[in-house]
1. What number, in percent, do you get for the relative contact order of the stretch 3-75 if the mean sequence gap of Cα pairs under 8 Å and at least 6 apart is divided by its residue count?
2. Give the order of Ser14, Ser25 when sorted by the count of other beta carbons within 10 angstrom, beginning with the fewest.
3. Expressed in nm to one decimal, what extension gain is obtained for the pair Ala74 and Thr7 from 0.36 nm per residue of sequence separation less their Cα-Cα distance?
4. Would you kindly state how much longer the chain becomes between Ala17 and Asp67 on full extension, computed as 0.36 nm times their sequence separation minus their alpha carbon distance, in nm to one decimal?
5. Test of understanding: in a Gaussian network model of the chain with alpha carbons linked when under 10 Å, which of Leu66, Leu33, Leu24 would top the mean-square fluctuation ranking?
6. Between (i) 30.4, 95; (ii) 12.7, 43; (iii) 18.9, 51, which matches Rg and Dmax of the Cα atoms in Å calculated for the structure shown?
Amino acid sequence: MSNSVATEYADYKSPSALAQDASLSKAERLRILKIWCEDEEQLCIAAAEGMTGGTDSNLKAVQKALDSLAQDIAER
């Protein structure tokens, strides 16, 4: 997990809030959501291996926001 990117998405209450943030370009939102998704996938892998860090995975919400934003970009 990259600290600079983690800081970028850590300021958002939800992945959908990041996906809707008009202060960032769509490409930037997409980049950050992809990294957030990778981090959530790593949390799921760790949890499956019995290693938990006290945070629940938000993978489904991140994937949903990522898919929605990617579809929006593709349609334009």
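No value in this document is a laboratory result; all are computed from the given coordinates. No experiment lies behind these values; they were computed from the predicted model shown. Here the Cβ positions follow ideal geometry from the backbone for every residue, glycine too, while neighbour counts run over all protein chains shown.
1. Working: 49 pairs, mean separation 27.1, N = 73.
Across the stretch 3-75, relative contact order equals 37 percent.
2. Details: Ser14 13, Ser25 10.
Lowest to highest Cβ neighbour count: Ser25, Ser14.
3. Details: separation 67, 0.36 × 67 = 24.12 nm, distance 2.74 nm.
Length difference between fully extended and current span is 21.4 nm.
4. Working: separation 50, 0.36 × 50 = 18.00 nm, distance 1.38 nm.
Working it through step by step, the gained length comes to 16.6 nm.
5. Leu24
6. Read-out taken from this structure: (ii).
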